[in-house]
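The values are calculated or read from the model by the stated rules, or taken from the named source; none is laboratory data. In this text, all values refer to a predicted model and were calculated from it rather than measured experimentally. Here the Cβ positions follow ideal geometry from the backbone for every residue, glycine too, while neighbour counts run over all protein chains shown. We work out accessible area using only protein heavy atoms, side chains counted, and drop any ligands, DNA or RNA first. Shrake-Rupley method; radii C 1.70, N 1.55, O 1.52, S 1.80 Å.
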Amino acid sequence: MATWFAPLRQSVSQSQRVSTFELLFDLVFVFAFTQITDFMAHSESAVGVLQAMIMLAMLWWLWSSYGWLTNQTSVEDGVLRVEMVVAMCGVFVFALAIPSAFERGNAVSAGLVIGIAYFLVRLVHVGLYLVAAGEDRALRRQVMRSSVSGWVSVILIFGGVVAPAPIQTWLWLAAIIADIVLTYVTSHDGDWRIHSAAHWAERHGLVIILALGESVVAIGAGAAGSTLTLAIIGGSVLALLLTTGLWWLYFDVISDAAQDRLSTTDDRGRVALATDAYTFVHLLLISGIVISALGVEEVMHSVGSSHPLGLFGSCALFGGTALYLFGHALFWRRVGGTWKVWRLAGAAVLVALIPLGLVGTPLLDLGAAVAITGIVVAVESIRFSKQRAEIHAVSR
């Protein structure tokens, strides 16, 4: 038994990289992101988007909590791997229940399934973290202190399941707000540990890639069943260019520069930076990608039409991309201490373009989103070409 639990007490090294098992764990979230996008597409309402964002935030909180855990200890051996499989199954069941999460009268209450899955995954996480903390009493106290947020949110989630249907949305919103606020309050200047900046940055970069994968899936989902036409081909190319632009904004320079800042900061500053810039701000990035993917899917559904995209699709396409750019600006403000004003300007222009969806064709709207994103990419690449070359030389 001692040998079985021994690996849990070994902190990861500074050079630790993301393991293939962690990638397997993360793949479950690809399916979950797809379910979130489909949920919004079928609802086509502001309330549906709000409900989807609540569930996305719940999923993010689950993913992030295990991101902290796997930076504390290796998942390659011992009981941790088995328990993470249990958590992975819980997340998958959560994702299965997303389409009918707010419906009543089903044979099996999807909301109840989500509540049980959320509770199980959080419970497994706390138990594993306490074991992984080993003799680190300060960390064990931190885990117990921050676990309060999870129990409060679980109570509110179950309350939403038994409450009248219109109340469920607001109780679940209160649940995730409580989780976010209480986690921040109990973690501020706390005793968490970030052992490997490389592992931390790589893990978050990979979840961005997984979310971008949903953008690619959305292209195919939107075009599925349609006859192959020049409009379909052109729309697909533009959609891929938009996804590439979103990738470029994160991975060309920012991810490496942020990892460098994280690795050169002292332990307490590293934890604060990881909490603010990654655990919290990355939720904006993921949300922006998923909402933008919804906009792409809406465009692809009617890419050959001469009729306007409509307000819902336009808000998703331009608003989601704008949220991603704003999240990036906020991310670098916390990491680098300055605002990337061109990203803020790009976000503002995209928001201003939302009315275009009421008069322009879907293909024109998509082209406009690609153009604005491309301009932001070009400005950064040209303006900071020297710094970009220096960062690439060091990181590669």
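When the residues of region 92-115 are filtered to those that are of a type outside the set (A, V, I, L, M) and outside any helix (DSSP H, G or I), the one that is farthest from residue 33 (Cα to Cα) is 105.
Any residue at all in region 165-185 that's more than 19 Å from the chain's Cα centre (by Cα), open to solvent by less than 50 Å² (accessible area, probe 1.4 Å), over 14 Å from residue 55 (Cα atoms) and free of Cβ contacts under 8 Å to residues at least 60 places away in the same chain? Checked against the condition, which is being more than 19 Å from the chain's Cα centre (by Cα), open to solvent by less than 50 Å² (accessible area, probe 1.4 Å), over 14 Å from residue 55 (Cα atoms) and free of Cβ contacts under 8 Å to residues at least 60 places away in the same chain, region 165-185 yields no hits at all. Of all residues in region 255-290, those satisfying the criterion of being β-branched (Val, Ile, Thr) and within 15 Å of residue 207 (Cα to Cα) are 279, 281, 286, 289, 290. Only residues that are open to solvent by 10 Å² or more (accessible area, probe 1.4 Å), within 21 Å of residue 216 (Cα to Cα) and not hydroxyl-bearing (Ser, Thr, Tyr) were counted across region 277-302, and they come to 6.
Taking residue 275 as the residue in question, decide whether it is hydroxyl-bearing (Ser, Thr, Tyr), more than 18 Å from the chain's Cα centre (by Cα), farther than 30 Å from residue 382 by Cβ and assigned to a helix (DSSP H, G or I). No. Looking only at residues of region 246-263 that are small (Gly, Ala, Ser) and within 19 Å of the chain's Cα centre (by Cα), we find that the one that is farthest from residue 33 (Cα to Cα) is 258. In region 1-91, counting only helices (runs of 4 or more DSSP H) that sit wholly within it, the ones holding 2 or more residues that are at pLDDT 90 or above, under 16 Å from the mean Cα position of the chain (by Cα) and of a type in the set (A, V, I, L, M, F, W, C) span 20-43, 46-72.
Out of region 138-164, which residues are free of Cβ contacts under 8 Å to residues at least 12 places away in the same chain and charged (D, E, K, R)? Matches in region 138-164: 140 only.
The condition (being out of contact with any Lys or Arg (no Cβ under 8 Å at 6 or more places or on another chain) and within 20 Å of residue 59 (Cβ to Cβ)) is satisfied by just one residue among 116, 167: 116.
When region 318-374 is limited to residues that are of a type in the set (S, T, N, Q) and modelled with pLDDT under 95, the one that is surrounded by the most Cβ atoms within 10 Å (Cβ to Cβ) turns out to be 361.
Do we have residue 237 as in a helix (DSSP H, G or I), open to solvent by 10 Å² or more (accessible area, probe 1.4 Å) and at pLDDT below 90 here? Spelling it out, it is not the case that residue 237 is in a helix (DSSP H, G or I), open to solvent by 10 Å² or more (accessible area, probe 1.4 Å) and at pLDDT below 90. Just so you know, in region 213-225 the residues that are more than 14 Å from residue 243 (Cβ to Cβ) and open to solvent by 60 Å² or more (accessible area, probe 1.4 Å) include one that is farthest from the chain's Cα centre (by Cα), and it is 225.
Would you confirm whether or not region 261-276 contains a residue that is of a type in the set (Lys, Arg), open to solvent by 40 Å² or more (accessible area, probe 1.4 Å) and on the phi < 0 side of the Ramachandran plot? Yes - at least one qualifying residue is present in region 261-276.
Within region 132-157, the set of residues being surrounded by fewer than 18 Cβ atoms within 10 Å (Cβ to Cβ) and either part of a helix (DSSP H, G or I) or in contact with a Leu (Cβ under 8 Å, 6 or more places away or on another chain) (or both) comprises 134, 137, 138, 140, 141, 144, 145, 148, 151, 152, 155.
Taking residue 243 and the conditions (1) buried (at least 16 other Cβ atoms within 10 Å of the Cβ); (2) touching a residue at least 60 places away in the same chain (Cβ under 8 Å); (3) under 22 Å from the mean Cα position of the chain (by Cα), which numbered condition does it fall short on, given that it satisfies the others? Only one criterion in (1) buried (at least 16 other Cβ atoms within 10 Å of the Cβ); (2) touching a residue at least 60 places away in the same chain (Cβ under 8 Å); (3) under 22 Å from the mean Cα position of the chain (by Cα) is unmet by residue 243, namely (2).
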